[in-house]
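The values are calculated or read from the model by the stated rules, or taken from the named source; none is laboratory data. Everything numeric in this text was worked out from a predicted model, so none of it was measured. Cβ atoms come from the backbone with ideal geometry, glycine included; neighbour counts cover every protein chain shown.
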Amino acid sequence: MAAATAKLRLAASAASETDLVVDNVSMHFDTREGRVTAVDGMSFSVERGEFVSIIGPSGCGKSTVFNILGGLVGGYEGKVSVSGETITGPHPSIGMVFQEESTFPWRTVIDNVAFPLEVKGVAKAERYDVARKFIDMVGLAGFEQRYPAELSGGMRQRVAIARTLVFEPKILLMDEPFAALDEQTRVLLGDKVLAIQQELKQTTLLITHNITEAVQLSDRVVIMTFRPGKVKRIVNIRLPRPRQGDVVGSDAFGRYVAEIWNDLREEASRGMAESEAGARKGRS
């Protein structure tokens, strides 16, 4: 009896360490050409404190998955749960960082970052104290009174990340947040994101099309097929942590990039072939 109880406790403990579960999720859209399946039977999980990336060819449904997890769209099949709780819309445990530049140009850095706390009615002094903590964490101490127009693209994206972090979400979702940045800035900002993730021990899910970024940041990489998007394979990234940008030059890193590229090339080629066939059909 005691052994059985111990096993149950162990199982409960293991279950509680899974922050996010995506269970057989499918999404369909009705178009003028008929019904399109964007995502088909996606299943994966993200453990507490884990960094997982989703990567796939253009049009595979990555952003659809992001919008489903963030509660921005409904009408999908399957189930999404956070710490065992099924969610059907936006969840307070989930914070989101978008690809598009999302700072308020008329507000200073500190007022941008403190905005969510202002909406919640937090007193000015208190919200500024919290905002400064996260401004410092993203490496923007000294820029509190600057406006977005005075900052580089990478700095503005750090403001957006800090603004999301003031919620102190359990899970951070990021949809290609570095897509508009040059490669050097992407790698350096990736270092900063990793440092923050390790400091906060935050569960993070990144949507990306950049293989280098996925390998640099992730514990695991979920590779999606071309439309309809399914899980083709999940790659465990066994590179040491703490992980810095210089790992990009290692032989092990290169092998992971090549491995993932082989899968992506197959799916991207299939997508290109379908697009070309559709174009030929349209001209006939």
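Quick notes
- Of all residues in region 27-56 being over 20 Å from Ser218 (Cβ atoms) and charged (D, E, K, R), the one that is surrounded by the most Cβ atoms within 10 Å (Cβ to Cβ): Asp40
- If you filter region 1-39 down to residues that are of a type in the set (S, T, N, Q) and at pLDDT below 50, you find that the one that is farthest from Glu77 (Cα to Cα) is Thr5.
- Per the listing Arg107, Arg32, the residue uniquely among the basic types (Lys, Arg) and outside the structural domain of Met224 (by TED's automatic domain parsing) is Arg107.
So that you can scan it fast, the table gives a plain yes or no per residue for (1) farther than 25 Å from Asn112 by Cα; (2) touching a strand residue (DSSP E or B) at 6+ places or on another chain (Cβ under 9 Å); (3) surrounded by fewer than 18 Cβ atoms within 10 Å (Cβ to Cβ):
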site: Arg186; (1), (2), (3): no, no, no
site: Leu189; (1), (2), (3): no, no, no
site: Leu200; (1), (2), (3): no, yes, yes
site: Thr204; (1), (2), (3): no, yes, no
site: Asn210; (1), (2), (3): yes, yes, no
site: Glu213; (1), (2), (3): yes, yes, no
site: Gly229; (1), (2), (3): yes, yes, no
site: Ile234; (1), (2), (3): yes, yes, yes
site: Arg241; (1), (2), (3): yes, no, yes
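- Residue under evaluation Lys133, criteria (1) more than 30 Å from Val21 (Cα to Cα); (2) of a type outside the set (A, V, I, L, M); (3) crowded, with 20+ Cβ neighbours inside 10 Å, criterion not met: (3)
- Residue, surrounded by the most Cβ atoms within 10 Å (Cβ to Cβ), within region 171-184, restricted to residues that are in contact with a strand residue (DSSP E or B) (Cβ under 7 Å, 6 or more places away or on another chain) and part of a loop (DSSP other than H, G, I, E, B): Pro177
- At least 3 residues being of a type in the set (Lys, Arg) and over 27 Å from Val73 (Cα atoms) is the threshold, and among the helices (runs of 4 or more DSSP H) wholly inside region 86-170 those reaching it are 124-137.
- In region 98-115 there is at least one residue matching the filter, namely being closer than 25 Å to Gly142 by Cα, within 18 Å of the chain's Cα centre (by Cα) and of a type in the set (A, V, I, L, M, F, W, C).
- Within region 190-222, being over 15 Å from Met96 (Cβ atoms) and assigned to a loop (DSSP other than H, G, I, E, B) holds for Lys201, His209, Asn210, Ser218, Asp219.
- Within region 136-167, the set of residues being free of Cβ contacts under 8 Å to residues at least 60 places away in the same chain, of a type in the set (A, V, I, L, M, F, W, C) and crowded, with 19+ Cβ neighbours inside 10 Å comprises Val138, Leu140, Met155, Val159, Ala162, Val166.
- Test: Arg186 is modelled with pLDDT under 90, over 14 Å from the mean Cα position of the chain (by Cα) and farther than 30 Å from Glu17 by Cβ: yes
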